[in-house]
Structures are given as C-alpha cells and as structure tokens.
Amino acid sequence: MASIQQTPNGPVIVLKESALQEKGRDAQKNNIMAAKLVGELVKSSLGPRGLDKMLVDSLGDVTITNDGATILKEIDAQHPAAKMMVEISKVIDTEVGDGTTSSVVFAGSLLEKAEQLLSKDVHSSVIVEGYQAAADKSLEILSEIAKKIQPEDKESLLKVAKTSMESKLISEDSDVLSKIVVDAILKITKTKGTVRTVDLDNIKVEKKAGGSIQDTSLIKGIVLDKEIVHSGMPTKIQHAKIALINAALEIEKTEMSAEIRINDPTQMQMFLEEENRMLKTMVEKLHDVGANVVICQKGIDDMAQHFLAKHGILAVRRVKESDMTKLAKATGGRTTTNLEDISEKDLGSADLVQQKKVESDKWVFVEGCRNPQSVTLLIRGGSQRIVDEADRSMHDSLMVVKDVIEKPAIVAGGGAPEAFLASNLKEWADSFDGRQQLAIKKFAESLEVIPQTIAENAGMDPIDTMVTLRARQNEGKKWSGINAKDQKVGDMFSLNILEPLAVKEQILKSATEAACMILRIDDVIAISGGPSG
C-alpha cells in the first residue's frame, strides 16, 4: 500500500489504512480526464446555435438553460478536478458575467493538448511555463487590437448587450431587451472624474410569468411585490411624497412582561383611547409633513391603517430592507427610524405610486422618479421556466454592459480574437528554443477550439471552416470569425458582434490558471473516514 514505507527499522505508516493514493501519471491522467469531461459537458451550448440543457434536481425541479455557470452549479460535480472547473465558471460569472461556457471549454482544451505533450514525455513544469508565457503574450496582443470606445457611446453598448443575448433564449427579442438593459445601466452609472462605476445591486429584478418576453419593461423606480394594506386607501397617487419608515406604526410591547391592573371599566376605556391617540399622533405627524405615501419596513397596526386611510394616504408594510435601500436611492428620500424626527426634507418623490395587477398578484409600482439611482426590471415570459432563463440571460447582458462602461474597450466576437491570437502565437512560438515552444503552439491550438465549437454547433463543417478562417486571418483580416447565423466566415465587426475586452481577458486568465493548477498535481491522496488518530 502507498501509505506504508518499508525501512530497515520496520514499516513506517504515514497515512491511514483507508487512505487512497494515486501517484504520478495516473493522478494526472485522472484529473485531466475529469476536467475535460466538464468541458465536453457544456461544449454543445456555446455560441448562437448552442443548445440548452435540461437539469432536474433531487426534488424534481427543472432548470432549462445554456448558461455555463448555471449548468455547472446545478450538476454538483464530485471529482476534485471537475470542481476546479466549476470554480472557474463561478469566478467568471461574478467577475464579468459572460463567457462562462467559453472559459470551461478553453480550459478543457488546454488540458487535452497538455495530455498529448505529457505522453511525449514533456515535463508538466515546461508545459505550465509555456502556457503562462502564451497567456501573457495573448493579453498583450488583445489590449493592442481592442478598440477603445467612449463609455457613453450608446450605440456600441447596444451592440455589446445584443451580442451577449444572441446565444441565449431571448435572442429573438434582443432588439427590445438590449435597449432596456443599456437604459437601466446608464441610469445607475456613477461618474467620479474619469472613473465610472456600476453597482448592479441598484437594479431590482422582478419576474412574473405571463405575457411574452416582449412585455419585459424598465420601470424608472421600484416595484414592490406587496399589496396596499387597507382597502379604504387610494390605489393611485400622483405627485407622490413618500415617507420611508423603518419603525413600526404599532404600540410597542414592553421588553419585560408587565401587567396593568384595572379596577374600573372607565380606566379600560381610557387605556384603549390612549393607545388610539398614540397611533393617531404618529399618523398626524406623517400627514403634517406632507406625506401621501407611507412605505414601512415593519408592521402597521389596524387602527393606524384606519387613520392613514382617513387621510387618503397609501401605505405598504413589511417591505424588505434591500427594497427600502433601493427606494431611498430611487426617490431621493431618507429612511427614518424615528417618527419624531421626520421632516419634509426626508420625503422621497415620484410622479406616480399605484397598485397594479400583475397576473393574479397585486403589486405596488413607484414610477416616474426624476433622477433614479435605482430602477426595476420587470421580466415577463410565457412560463416560469422561460422567465427564469430570461432573467439569467438579462443578467449576463447587464454584466457585459457594466464591463464596457467600467473598462471601455471592445473586441469582436464569433471566435475572431481567439483565431487572431492563435495565428500570432504560432509565429511567436518559433522564437523559443526548447520544449516550451511546443507548449505555446498547443496553447494556440487550444484557442482555436472556441471558433471551431461555434462552427460545429452551427452545423458547419469544422475542418473546412477552420481552414477558411485561418486563410482570412493570414490575409490580415483580424476580425474574421464564425457567422453562425448565416453559417459562414465573416467580418464580425461589420456584423456588430462585439464583446467587452474585460470578458476575453478574464477567460484567458482563469482558464490558464486552472489548467496550470491541474497540471501541477502529481499526487492525489483521498483520506476517507474521520480525522486520523
């Protein structure tokens, strides 16, 4: 057994009896195989003609998606090397939002090519060095060829948003949706000198099955999935003055258990009247500062509801803290925790607050905020599955527009930059002597897997397509890529297929790092059972 070493003084036992150990080439092969399989798993969903996966979890819940990160998160990979591949997609999803499938397919290809070198006795350290040199050179070339744009160049932002949607379920409606996405991001962009930042937490996403994806809309304000608390209240208020309260409009119970002894019925009446008077004072205070809408994070007593209704004030209760924060940003109001302190300055404003029926639910819409720092996307679709996938796709699209605003540089899509990098790296590799040259060439071949997979998924002949693509690239047409819609090689820039430079850089970095990490492992020790004694 691997854990026992025979010495002149008898056996030395290092690992537990139940520990499993895989060494050298076997361990490497096993890890590479697992990582490659993860790449294969999502390969068919890459590109505009990529197909979806149906994932059914242990409870029978169904997810239909072609978003790489979602697929890998749902499958719950068990193999440690496969888990590393899942981690890449998670990092890319949180960092840049798009390119999750590409990164995993590329990392799988890097390992597949590395396996060919390992079988020819090229040491894994040499491969790792070659890969890292190639990745650095690729990032350098990418930043040279990327086209710098103005962050407020709406036309380019629309093209980037649309490209992100082209490979998704919502591609048919990308014209309408890309405008919504760009408008939403521009509303919440903060500018400080030349630096622009976008916090996606300021976009509230509400989903409701019904209608079609075309009915998706951007509300310049906030949608609350709550009803108005009292039937006697108005359901629509124009020129709303909104009080945001983080305090209960109720008589608070004392911390300790206390009892009040009443020995006269009139005292009982006085006690109840005093409670009502306190509630009435709270409501009067709100009315006096000019509030005609009250949005409360805590509860509102029945009596307080009655007084609010009498004053014609619209009220919503038990609103989430995150929604209160967004409301403050959207309406320009300030959340008050003490009613005594509220003043007219604290009130937010909106053109219209109204209760609308969305399918079978009643929701409160706070619309027409003058300069909203927070907005709502209301996503609609034919069924819950479609709405969920539209939400995932819109998230990717919001992320890529954010990437371009924060780092205003773009490249073409359709595998064009990868093909350009591949042909450049192959030439550059010739300047190296020694085996590192082989690793750099394999890195270049791995990059070609992206255009090749897009072509395969579009039903094109991969060999013919790649030959044509290489020929075009060698003629100096650096933006030649796979036009999957028309099933031919074309100029991606003139077809308006654009992607953020930030996404391409992140794909290269993450995939290379993961592949190199897996290649460095030569020993897998699996310790089963509890902690060793």
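Of the residues I342, I295, I313, which is outside the structural domain of V181 (by TED's automatic domain parsing), under 17 Å from Q238 (Cα atoms) and out of contact with any Leu (no Cβ under 6 Å at 6 or more places or on another chain)? Just a single option satisfies the conditions, and that option is I313. Just name the residue that is nearest to V128 (Cα to Cα) out of those in the stretch 408-437 that are polar (S, T, N, Q) and either modelled with pLDDT of 90 or more or in contact with a Lys or Arg (Cβ under 8 Å, 6 or more places away or on another chain) (or both). Among them, the one singled out is Q437. Can you list the helices (runs of 4 or more DSSP H) lying wholly within the stretch 235-341 that have 3 or more residues being in contact with a helix residue (DSSP H, G or I) (Cβ under 6 Å, 6 or more places away or on another chain) and more than 25 Å from S374 (Cβ to Cβ)? In the stretch 235-341, 265-288, 302-310 are the helices (runs of 4 or more DSSP H) which contain 3 or more residues that are in contact with a helix residue (DSSP H, G or I) (Cβ under 6 Å, 6 or more places away or on another chain) and more than 25 Å from S374 (Cβ to Cβ). Selection of strands (runs of 3 or more DSSP E) fully inside the stretch 1-106 by the criterion of at least 2 residues being modelled with pLDDT of 85 or more returns 53-56, 62-65. Only one of the listed residues (M466, M492) is at pLDDT below 90 and touching a helix residue (DSSP H, G or I) at 6+ places or on another chain (Cβ under 7 Å). That residue is M492.
Just wondering, is there one or more residues in the stretch 80-98 that are crowded, with 18+ Cβ neighbours inside 10 Å and closer than 21 Å to A444 by Cβ? Taking every residue of the stretch 80-98 in turn, at least one turns out to be crowded, with 18+ Cβ neighbours inside 10 Å and closer than 21 Å to A444 by Cβ. For the stretch 41-53, indicate whether the set of residues that are of a type in the set (A, V, I, L, M, F, W, C), on the phi < 0 side of the Ramachandran plot, exposed (fewer than 15 other Cβ atoms within 10 Å of the Cβ) and not assigned by TED's automatic domain parsing to the domain that holds D388 is non-empty. Looking through the stretch 41-53, at least one residue is of a type in the set (A, V, I, L, M, F, W, C), on the phi < 0 side of the Ramachandran plot, exposed (fewer than 15 other Cβ atoms within 10 Å of the Cβ) and not assigned by TED's automatic domain parsing to the domain that holds D388. Report yes if some residue within the stretch 246-269 is among the acidic types (D, E), touching a Lys or Arg at 6+ places or on another chain (Cβ under 9 Å), at pLDDT below 85 and surrounded by 12 or more Cβ atoms within 10 Å (Cβ to Cβ); otherwise report no. The answer is yes, given that some residue of the stretch 246-269 is among the acidic types (D, E), touching a Lys or Arg at 6+ places or on another chain (Cβ under 9 Å), at pLDDT below 85 and surrounded by 12 or more Cβ atoms within 10 Å (Cβ to Cβ). The requirement of being under 24 Å from S45 (Cβ atoms), surrounded by fewer than 20 Cβ atoms within 10 Å (Cβ to Cβ) and either assigned by TED's automatic domain parsing to the domain that holds T331 or not aliphatic (A, V, I, L, M) (or both) is satisfied by D175.
The values are calculated or read from the model by the stated rules, or taken from the named source; none is laboratory data. These numbers were taken from a predicted model, which means no experiment stands behind them. As a convention, Cβ positions derive from the backbone with ideal geometry for all residues, glycine included, and neighbour counts pool all protein chains shown.
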